[in-house]
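First comes the structure, then the notes that go with it.
The values are calculated or read from the model by the stated rules, or taken from the named source; none is laboratory data. Quick caveat: nothing in here was measured; it's all calculated off a predicted structure. Note: ideal-geometry Cβ built from the backbone for every residue, glycine included; neighbour counts use all protein chains shown.
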């Protein structure tokens, strides 16, 4: 697979992970209650951090796979 495909997979996975984490946190901790604006900032920041961590891990594995092919 090419680098563009790897990049696209990471972006899509990051997008999905971001929303899954955000929705999981909201539904788990705020069951039926709407979070305040300050809480939304925390939830979105946490989801973004998890998304970056996941895509960074994917990037590292893709680099290792590319290096092994050479």
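Considering only residues that are under 25 Å from residue 9 (Cβ atoms), surrounded by fewer than 14 Cβ atoms within 10 Å (Cβ to Cβ) and free of Cβ contacts under 8 Å to residues at least 24 places away in the same chain, which ones fall in the stretch 30-54?
Selection gives 45, 49, 53.
Condition first: outside any helix (DSSP H, G or I), at pLDDT below 90 and out of contact with any strand residue (DSSP E or B) (no Cβ under 7 Å at 6 or more places or on another chain). Can you find one or more residues in the stretch 52-69 that meet it? Give the derivation first.
Kept after step one, since they are outside any helix (DSSP H, G or I), are these residues of the stretch 52-69: none.
Looking for residues that are outside any helix (DSSP H, G or I), at pLDDT below 90 and out of contact with any strand residue (DSSP E or B) (no Cβ under 7 Å at 6 or more places or on another chain), one finds none in the stretch 52-69, hence no.
Tell me whether the stretch 30-38 contains one or more residues that are part of a helix (DSSP H, G or I) and at pLDDT 85 or above. Write out each step before concluding.
Taking the stretch 30-38 first, the residues part of a helix (DSSP H, G or I) are 37-38.
Add one more test, that the residue is at pLDDT 85 or above, and what stays is none.
Scanning the stretch 30-38, I find no residue that is part of a helix (DSSP H, G or I) and at pLDDT 85 or above, so the answer is no.
Tell me the residue from 4, 13, 8 that is surrounded by fewer than 11 Cβ atoms within 10 Å (Cβ to Cβ) and assigned to a helix (DSSP H, G or I), please. I'd like the intermediate steps shown before the answer.
Details: 13 fails: surrounded by fewer than 11 Cβ atoms within 10 Å (Cβ to Cβ); 8 fails: surrounded by fewer than 11 Cβ atoms within 10 Å (Cβ to Cβ).
None of the other options fit; the residue is 4.
In this structure, is residue 23 surrounded by 13 or more Cβ atoms within 10 Å (Cβ to Cβ) and in a helix (DSSP H, G or I)?
Spelling it out, it is not the case that residue 23 is surrounded by 13 or more Cβ atoms within 10 Å (Cβ to Cβ) and in a helix (DSSP H, G or I).
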